[in-house]
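Here the structure is laid out as C-alpha cells; the discussion comes afterwards.
The values are calculated or read from the model by the stated rules, or taken from the named source; none is laboratory data. All values derive from a computational prediction rather than experimental measurement. Here the Cβ positions follow ideal geometry from the backbone for every residue, glycine too, while neighbour counts run over all protein chains shown. For the accessible areas, the whole protein counts, side chains as well, though only heavy atoms, and no ligand, DNA or RNA atoms are used. Shrake-Rupley method; radii C 1.70, N 1.55, O 1.52, S 1.80 Å.
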Amino acid sequence: MKVRIMASKKRGETMELREQVLAALEARKGDYISGEELARALYVSRNAVWKAIEALRKDGHRIEAATHRGYRLTPESDVLTPQSVTACLGGKAGLFTIHVEQTLPSTNTHLKALAAEGAPEGTVVIALEQTAGRGRMGRAFFSPRGTGVYFSLLLRPKMSAVDATLVTTAAAVAVTDALLDVCGIDAAIKWVNDVYVGEKKVCGILTEGAFNVETGALESVVLGIGINVEPPPGGFPEELRPIAAPLYDKAAPAGIKSRLIAAVLSRLSDILPRLEEKPHLAEYKRRMFLTGREVDVVSGGEARRAGVLGVDDDFRLLVRYDNGETDALMSGEVRVVPERGGA
C-alpha cells in the first residue's frame, strides 16, 4: 500500500504574465523587486510588467512602487491565490497543482469531477466560499466567504477502501500540527476526523473515494478539509453556536490562510508516502481527547452510552458500554457527553 504525491508540471508553462509577476512578488513578499529585473526574468517589456502590476492591484493585491527600488507586495496584502500558497510551500511547491476558485458548491464535488477527467495526484482545489459544503453523515458544512479555508486534495493511492481511513487520520494529525506551527494553537482530535479547540469544533475532514466499477479498485481519494479561521459575519447559525468556533475571535493575521493550507499540505506530504507504516499513529493517539470521556455511540438512530478506553493501532475507537460490553469501532458517529460542570 503506497501513497505517492506526483510532481506537477512546471507552473510557468501555462501562467499568464500577471500570475508570473505575482509568483515573483509572493516569493519575495515585503521586499522590492525592480521592474527591470522582473522584465528581464520574464522576457517582457517594463511596460508589460507595469500593466500586470495594475491588473493585480485591481484584483485586491497591495503592491507598492518606489522610485529606483521597484515593486513590492506588502506584508499586509492578503489575497488567497495559488501563488500565495505556493510561496509558503517552499521546496514542496512542485508536489502540488493548486487552483483557487471564488465560489464553489463543494471543493470535494468539484475535485471529484476533475479526478474523473484525469487530473493528476496532488491537484488541490481551494474555494473562498462553498455554497453546499458537505461533512460526514451527509451534514452541511457552513462555509461563508472569506472566513475560513476550504480545500480538497486529490490522491491516487493503491489501497483498499478500509485503508482509506488512514488518509483521514493522517489529515487530522496534519491539521493539528499546522495549527500549532502556524497559529500557536494546541488543538485536539475527536475520533475520527474532527479537530477541536477546547470543547468546540474548528475543523471538519471528509474523505471520499472513487471506485472502478469493473474491477472494484480504488481509483482516487479526495480529501476535503474545512477550517473555521475567523468569526463569520453575524456569527454561526443558531444550531452551530454550541459546537463550532473559529480559530480567532477577530480578523486573523495577514497570510494565515495561505500558510495554514501550505502547512497542512506539507505535513501530509511527509506522512502519505509512508502511510502503510502509520507514522502518525502515536501523534493521533496523543491528540485524541475522548479517552476517559463518556460518549453516546449512535447507530441505527439509537444511542448507547459508553466510556472511551482509547484508540487501537488500527485507529479503531475502543469503548466499554454501560452493561460492560466492549467494542472496537471502525466507523460511525459518537457524541461527546459534556463533562460534569462543563457546558
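Looking at region 299-343 only, could you name the residues that are of a type in the set (A, V, I, L, M), closer than 28 Å to D163 by Cβ and open to solvent by less than 90 Å² (accessible area, probe 1.4 Å)?
The answer is A306, V308, L309, V311, L317, L318, V319, A328, L329, V334, V336.
Would you point out which residue out of L275, L309, L281, L329 is touching a strand residue (DSSP E or B) at 6+ places or on another chain (Cβ under 8 Å), within 26 Å of I225 (Cα to Cα) and among the aliphatic types (A, V, I, L, M)?
L329
Can you tell me which residue in region 95-148 is modelled with the lowest pLDDT, limited to those that are open to solvent by 60 Å² or more (accessible area, probe 1.4 Å) and of a type in the set (V, I, T)?
My answer is T131.
Would you call L111 part of a helix (DSSP H, G or I), touching a Gly at 6+ places or on another chain (Cβ under 9 Å) and within 26 Å of F236 (Cβ to Cβ)? Before the answer, list the steps.
On the way: part of a helix (DSSP H, G or I): yes; touching a Gly at 6+ places or on another chain (Cβ under 9 Å): yes; within 26 Å of F236 (Cβ to Cβ): yes.
Here the answer is yes, as L111 does meet what is asked.
Where the second residue is β-branched (V, I, T) and the first is modelled with pLDDT of 95 or more and lies in region 324-343, which pairs have Cβ atoms under 6 Å and are six or more apart or on separate chains?
From residues that are modelled with pLDDT of 95 or more, the pairs are D327/V319.
When you look at A164, is it free of Cβ contacts under 8 Å to residues at least 60 places away in the same chain, within 26 Å of M330 (Cα to Cα) and not in a loop (DSSP other than H, G, I, E, B), yes or no?
On the way: free of Cβ contacts under 8 Å to residues at least 60 places away in the same chain: yes; within 26 Å of M330 (Cα to Cα): yes; not in a loop (DSSP other than H, G, I, E, B): yes.
Against the criterion (free of Cβ contacts under 8 Å to residues at least 60 places away in the same chain, within 26 Å of M330 (Cα to Cα) and not in a loop (DSSP other than H, G, I, E, B)), A164 qualifies.
When region 263-298 is examined, which residues are found to be open to solvent by 60 Å² or more (accessible area, probe 1.4 Å) and either part of a helix (DSSP H, G or I) or of a type in the set (S, T, N, Q) (or both)?
R267, D270, R274, E276, E277, A282, K285, R286, T291
Between E26, E54, which is open to solvent by less than 70 Å² (accessible area, probe 1.4 Å), in contact with a strand residue (DSSP E or B) (Cβ under 7 Å, 6 or more places away or on another chain) and part of a helix (DSSP H, G or I)?
Answer to the check: E26.
Could we say that L38 is among the hydrophobic types (A, V, I, L, M, F, W, C), in contact with a Leu (Cβ under 8 Å, 6 or more places away or on another chain), in a helix (DSSP H, G or I) and at pLDDT 50 or above here?
In short, no.
How many residues are among the polar types (S, T, N, Q) and not in a helix (DSSP H, G or I) if we restrict to region 167-210?
Result for region 167-210: 2.
Could you list, in sequence order, all residues of region 57-71 that are assigned to a loop (DSSP other than H, G, I, E, B), on the phi > 0 side of the Ramachandran plot and open to solvent by less than 60 Å² (accessible area, probe 1.4 Å)?
As a first pass, look at region 57-71 and keep what is assigned to a loop (DSSP other than H, G, I, E, B): 59-62, 67-69.
Filter again for on the phi > 0 side of the Ramachandran plot, leaving 60, 68.
Hit for region 57-71 is G60, nothing else.
Take the conditions open to solvent by less than 50 Å² (accessible area, probe 1.4 Å), touching a residue at least 24 places away in the same chain (Cβ under 8 Å), in a loop (DSSP other than H, G, I, E, B) and more than 25 Å from A244 (Cα to Cα) and apply them to A87. Does it pass?
Taking the combined requirement at face value, the residue does not satisfy it.
Which ones in region 51-80 are closer than 23 Å to Y150 by Cα and in contact with an Asp or Glu (Cβ under 8 Å, 6 or more places away or on another chain)?
Matches in region 51-80: V79 only.
Considering only region 40-50, how many residues are in contact with a helix residue (DSSP H, G or I) (Cβ under 8 Å, 6 or more places away or on another chain) and either open to solvent by 70 Å² or more (accessible area, probe 1.4 Å) or not hydroxyl-bearing (S, T, Y) (or both)?
The number of residues fulfilling the criteria is 7.
Within region 183-204, work out how many residues are touching a residue at least 40 places away in the same chain (Cβ under 8 Å), crowded, with 21+ Cβ neighbours inside 10 Å and aliphatic (A, V, I, L, M).
Qualifying residue count for the region: 4.
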